[in-house]
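One structure below.
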Amino acid sequence: MTKDYYEVLGVPKDADDKAIKSAYRRLARKFHPDVNPGNASAEAKFKEVGEAYAVLSDPEKRSQYDRFGSNWENAHGFAGSGDFGGFGQEGEVDLGSLFGNLFGFGGDPFNRAHQVPPRDVERVLDVTLDEIDSGTKRTLTFQTEDACQTCSGSGRVRMTGGRPGPCPNCRGTGTVPNMRKIVVTIPAGFEEGKKLRVPGGGAKGSSGKSGDLFVTVRIMPHPVFKRKGLDTEVEVPVPYTVAALGGQISVPTPRSSGKMSIPPGTQSGQVFRLKGQGVSKTGGGHGDLLARVKITVPKKLTERQRKLLEELLETEQGQ
């Protein structure tokens, strides 16, 4: 055997293991019989690349090769053995095993089930604040790309006569589209941004087992209420007269409405907490309602209102 293994792999003689493996990966993919069906020249090159890698990837064999060159096979402990780990009786290499160790599949280039594991799928689901308050079920429709069961996700099958060819089921892509309809149960009080896990709702792998579906819940804006942690915020208009003198006002809640007492001298932006009047909490009960005061003034005044306010203004200026 007079081949220069370094030249075969296209690496310098001081190349490290990483460079040798990288060169082999690149060339093996290029000349692999799957990629070049019926090409005798490519098949021969593929075997040659495999032979070179079998020697240069083994520290002891590489040392003998570097020392003795083309006579390395007959040097120090290798003479007459005819079996160099990856080589057969006539110097042939087990390319299926060698290729499989590097690329993650066995001697059969079509048996690659472990190459396509089940895959998780993530989706976002928009829900209303009312649905969060009461809990709901929603049907989520989406498409997954499942591993083709005909070719185990490899995209290749053995054709008539044993030659490799593209899988007719997935047309060589290794995946097939699958439209899924999954009913997602959203419990009352579920917090925005958290994820719901639906076991088996993801994409199918070569084994036939599916990954999981993870649904991120997003709460759509509400015209009146805003979720703030476990509590709920609402802006409450308060007439300036009630803010000044005190009194009662009506406050909307997620499920109805109620009354709230306003003390004299209430300022705009002041927040009042109504216990248990907010949106439902996970595990039961309700959060609090945070009522933020927004003082309002009339856009139009009656003559009497104007006169009274002018009197009040005079009184304040005279102080």
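Every number in this text was worked out from the coordinates using simple rules, so none of it is lab data. Please read all numbers here as calculations on a predicted model, not as lab measurements. Here the Cβ is made from the backbone with ideal geometry for all residues, glycine too, and neighbour counts use every protein chain on show.
Remarks
- When the alpha carbon gyration tensor of the stretch 131-290 is reduced to an equivalent ellipsoid, its three semi-axes come out at 58, 13, 10 angstrom, largest first.
- Footprinting exposure proxy ranking of 256, 207, fewest other C-beta atoms within 10 angstrom first, gives 256, 207.
- Size descriptors for the stretch 195-317 (Cα atoms only): Rg and Dmax, in that order, 23.8, 87 Å.
- Kirkwood-based Rg to Rh ratio, the stretch 151-190, C-alpha trace: 1.45
- Residue 44 paired with residue 297, simple spin-label distance in nm, labels 7 Å along Cα-to-beta-carbon: 9.8
- Shape analysis of the stretch 150-239 based on the Cα gyration tensor places the equivalent ellipsoid semi-axes at 50, 12, 8 Å, largest first.
- Using R0 = 51 Å, the C-beta based FRET efficiency linking residue 171 and residue 134 works out to 0.65.
- Counting only residues at least eight positions apart within a chain, or on another chain, the lysines with an alpha carbon under 22 Å from that of residue 47 are 3, 13, 18, 21, 30, 61.
- Among the GluC sites (Glu not before Pro) within the stretch 201-305, not one is in coil by DSSP while having at most 14 neighbouring Cβ atoms inside 10 Å.
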